[in-house]
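Shown next, in structure tokens, is the structure this report addresses.
The values are calculated or read from the model by the stated rules, or taken from the named source; none is laboratory data. The model shown is predicted, which means the values in this text are computed figures rather than measured ones. Backbone-built Cβ (ideal geometry, glycine too); neighbour counts: all protein chains shown. The accessibility values were calculated without ligands, DNA or RNA, using every heavy atom of the protein model including side chains. Shrake-Rupley method; radii C 1.70, N 1.55, O 1.52, S 1.80 Å.
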Amino acid sequence: MSPDVKTLAQIAAELQGYDPQALSADDVLAFLSRLVTPVQEAVELPLFEALGRVLAADVVSPFDVPPHDNSAMDGYAFAGNELAPTLPTSCGSLPPEGAELAWGGPARRSLAPGEAFELKVVGTALAGKAWQGSVKAGQCVKIMTGAIMPQGLDTVVPQEFVALQGDLITIPAKLLKPGDNRRLRGEDLAQGKPALLKGELLTPARLGLAASLGLKTLKTWRPLRVAYFSTGDEILSLGEAPREGAVYDSNRYTVFGMLSRLGCQVIDMGVVRDDPALLETAFTSAAMQADAIITSGGVSVGEADFTKTMMKKLGDVAFWRIAMRPGRPMAVGRLLPAKLQAKSAPGLHISRAASYENNSNHEDSGAVRFAAGPPQGETAPSGGSEPHEVGSVGAILFGLPGNPVAVMVTFLAFVRPALLQMMGASATTQPLLKARSLEAIRKKPGRTEYQRGWVSTAPDGSLQVRTTGNQGSGVLRSMAEANGLMVLHHAQGNIAVGGEVDVLMFDGAI
Ligand SMILES: Nc1nc2c(c(=O)[nH]1)N[C@H]1C(S)=C(S)[C@@H](COP(=O)(O)OP(=O)(O)OC[C@H]3O[C@@H](n4cnc5c(N)ncnc54)[C@H](O)[C@@H]3O)O[C@H]1N2
Ligand code: MOO
């Protein structure tokens with residue numbers, strides 16, 4: 001294995017008091033940040049395709065933006081020293097209208113000292129080309145928003161504030177300071193300075209910024225390939241007839257949605273039954289195609305669970321009990337290439353699974369696309385991803401608990417930051433906001449609890465939050481009705497009505 005890749009035992013040795021049976025949420029984050037490594041392949045993408053990707057290099061501004069001083073308003077541009085206070089007559093007289101401007105000296109035409117003054121309009125500066133005329137004391141130029149400031153002029157009065165009579169404008173007293181309504185050259189971006197930093201997620205604003213520099217493409221890290229499958233004999237794919245004791249697979253859709261929001265290439269592998277051969281093929285196939293594998297189910301103490309056995313057999317995997325609710329059991333590790341290459345020997349058919357680009361539509365085939373034994377003449381659906389060479393670091397495994405809300409919470413709390421780190425992003429966690437609880441909540445210190453909530457604005461403008469009903473870890477409805485999670489921290493106790501709690505907003509994440 002490459003030297004920067006640590007075994008789970010090495011990571012565990014680095015963490016003080018590591019106990020896989022009693023981890024805090026913070027311990028989990030600390031462990032995962034040591035386990036995962038960022039992808040190293042960069043791709044140059046056109047701007048329209050770069051949304052949501054992570055920058056692989058700083059973007060340095062090739063020129064000043066804006067390239068010239070220009071007007072922020074439609075109005076009249078004039079020299080700021082026209083605004084200088086009128087000097088007492090004993091100190092000299094004002095230059096006559098039309099005299100060359102003597103910068104730094106008063107040149108305004110006051111109707112009366114300290115009051116409105118007049119300027120003569122001598123031309124019009126349009127956006128897109130420089131106005132070439134010259135401006136003398138007591139004169140101004142009509143100017144459009146974005147037009148280059150004419151030579152020697154630094155102040156703009158918006159047109160709605162002036163009275164226009166013939167070619168004379170009257171500017172009210174005390175309205176402006178020199179430099180008002182002028183945008184300075186380079187005030188947005190200075191030539192030679194980084195405009196965007198490596199590791200930044202490309203948001204709409206950042207795409208616009210890159211475009212303002214005339215850049216057609218950006219160097220980004222390639223998207224992560226993340227394989228997902230649900231496990232469990234009681235899990236039905238959509239389209240299958242209902243049967244007693246069985247439930248439709250919802251985790252496949254919540255995970256698909258959360259991965260898509262992150263801009264990952266989702267390799268959807270459907271439902272895999274609790275059968276050692278099928279599970280082995282599924283894990284092996286996933287590890288050969290993906291940077292990370294997410295599964296749900298089979299990580300607790302149930303008897304019919306072959307999932308854990310297979311994870312152990314194929315990789316370096318730890319089985320945790322986390323002091324949190326929901327989401328207590330979780331498996332984490334790395335499926336190792338050496339083992340996988342041995343496993344992909346003749347006799348084991350590994351088919352391609354469907355790969356879905358962010359936000360693309362697809363039908364639910366419901367099929368499990370794995371078979372032990374020779375190929376069955378199966379064809380890959382369109383959009384399938386080519387199996388890639390297994391790298392030297394293996395695929396990171398996140399074995400999430402089966403309960404639908406536990407899947408979403410563990411994804412948001414742990415998998416999402418880890419995947420962002422793998423994507424090369426410099427910011428991997430979202431800020432928590434403070435809100436007042438509209439209800440009393442019982443909470444035991446010693447574990448982190450995530451309560452589904454609805455955050456809204458209180459009459460005084462602060463944030464308030466209420467829970468969205470039944471908080472059982474299988475109750476997806478209260479998750480669907482929520483716009484955020486209350487994060488009740490490890491050491492925190494009961495919350496009183498009006499007590500302050502941290503909230504993690506879903507916006508953008510799910
Ligand atoms: N004796 C103990 N029993 C359980 C413990 C424990 O510590 N001791 N932990 C409980 C907790 S907490 C959870 S969470 C679950 C996790 O168990 P598994 O990861 O093994 O998950 P399953 O048993 O396969 O499923 C749990 C639950 O979720 C439903 N499920 C599973 N997959 C899906 C899916 N794709 N779509 C919709 N629903 C799904 C499944 O039907 C079960 O109801 O273990 C507790 N037990
Ligand atoms: O991990 Mo379990 O979520 O609490 O049901």
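Want the number for Y18 to A205: 0.36 nm per residue separation, take away the alpha-carbon distance, what's left? If you can, show how the numbers build up before the last one.
On the way: separation 187, 0.36 × 187 = 67.32 nm, distance 4.16 nm.
Extra length available between Y18 and A205 comes to 63.2 nm.
Please list K444, K308 in order of solvent-accessible area, largest first, computed with a 1.4 Å probe with all protein chains present.
Largest to smallest exposure gives the sequence K444, K308.
Would you calculate the separation in nanometres between label points at A427 and A480, each defined as 7 Å from the Cα along the Cα-to-beta-carbon direction?
Between A427 and A480, the label points sit 3.1 nm apart.
Where Rh is the Kirkwood radius over the Cα pairs of region 439-510, the temperature 37 °C and the viscosity 0.692 mPa s, what D in µm²/s does Stokes-Einstein return?
Answer from the Stokes-Einstein relation: 260 µm²/s.
Given the protein chains as shown and a 1.4 Å probe, how many square angstrom of T467 are accessible, to the nearest 10?
T467 exposes around 30 Å² with every protein chain in place.
Order H68, H489 by their accessible area, 1.4 angstrom probe, all chains in place, largest first.
From most exposed to least exposed: H68, H489.
How far apart, in nm, are two points set 7 Å out from the Cα along the Cα-to-Cβ line at V43 and at Q10?
With each label point 7 Å from Cα toward Cβ, the separation is 3.0 nm.
Residues with amide H under 5 Å of V272's amide H, sequence separation 5 or more or different chain, H placed in the peptide plane at 1.01 Å from N; which?
Amide H to amide H, under 5 Å and 5 or more residues apart or across chains, V272 pairs with S230, T231, G232.
For region 170-285, report the accessible area per residue in Å² (1.4 Å probe, heavy atoms, rounded to an integer).
Solvent-accessible surface per residue comes out at 45 Å².
With a 1.4 Å probe and every protein chain left in place, work out the accessible area per residue of region 452-510 in Å², rounded to a whole number.
46 Å²
Using the Karplus curve 6.51 cos²θ - 1.76 cosθ + 1.60 with θ = phi - 60°, work out ³J(HN,Hα) for each residue of region 489-494 in order, rounded to whole Hz, and write x for Gly and Pro.
These are the phi-based 3J(HN,Hα) values: 6, 3, 8, 5, x, 4 Hz.
At 1.4 Å probe size, with no ligands or nucleic acids counted, give the accessible surface of W454 in Å², nearest ten.
100 Å²
Show Y18, Y253, Y76 ordered by accessible area, largest first, where the area counts protein heavy atoms only and the probe is 1.4 Å.
Numbers: Y18 60, Y253 80, Y76 10 Å².
Largest accessible area first, the residues go Y253, Y18, Y76.
Based on the alpha-carbon gyration tensor of region 393-448 and its eigenvalue square roots a ≥ b ≥ c, which shape applies: rounded if a/c is under 1.5, prolate if not and a/b is larger than b/c, or oblate?
Numbers: a/c = 2.95, a/b = 1.59, b/c = 1.86.
In terms of gyration-tensor shape, oblate.
Residue-wise, which Karplus ³J(HN,Hα) couplings in Hz belong to region 420-427, taking 6.51 cos²θ - 1.76 cosθ + 1.60, θ = phi - 60°, and x for glycine or proline?
4, 5, 5, 6, x, 6, 7, 9
Leaving out ligands, DNA and RNA, and with a 1.4 Å probe, what % of the accessible surface on region 186-279 is carbon or sulfur?
Ligands and nucleic acids excluded, carbon and sulfur give 56 percent.
Carbon-plus-sulfur fraction of the accessible area of region 422-510, 1.4 Å probe, in percent?
Result for region 422-510: 54 percent of the exposed heavy-atom area is carbon or sulfur.
What number do you get for region 137-289 when its Cα radius of gyration is normalised by 2.2 N^0.38 Å, N = residues?
2.06
Once you've got the Cα coordinates, tell me which of K198/K219; K6/K313; K129/K219 are over 21 Å apart.
Going by Cα-Cα distance, K129/K219 fall outside the 21 Å limit.
Simple spin-label model, 7 Å along Cα-to-Cβ: R442 to V497 in nm?
1.8 nm
Step through the residues of region 136-141 one at a time and calculate ³J(HN,Hα) from phi using the Karplus curve (6.51 cos²θ - 1.76 cosθ + 1.60, θ = phi - 60°), rounding each to whole Hz and writing x for Gly and Pro.
Ordered by residue, 3J(HN,Hα) equals 10, 4, x, 10, 8, 10 Hz.
Hey, can you grab everything whose amide H is under 5 Å from the amide H of T448? Only 5+ residues off in sequence or another chain; H modelled, so Pro and N-termini drop out.
Hits under the 5 Å cutoff: A25, M324, R325.
With a 1.4 Å probe and all protein chains kept in place, how much accessible area does D316 have, in Å² rounded to the nearest 10?
In the full protein context, D316 sits at about 50 Å².
When ligands, DNA and RNA are left out and all protein chains stay put, how many square angstrom of accessible area per residue does region 1-78 have with a 1.4 Å probe?
On a per-residue basis, region 1-78 sits at 51 Å².
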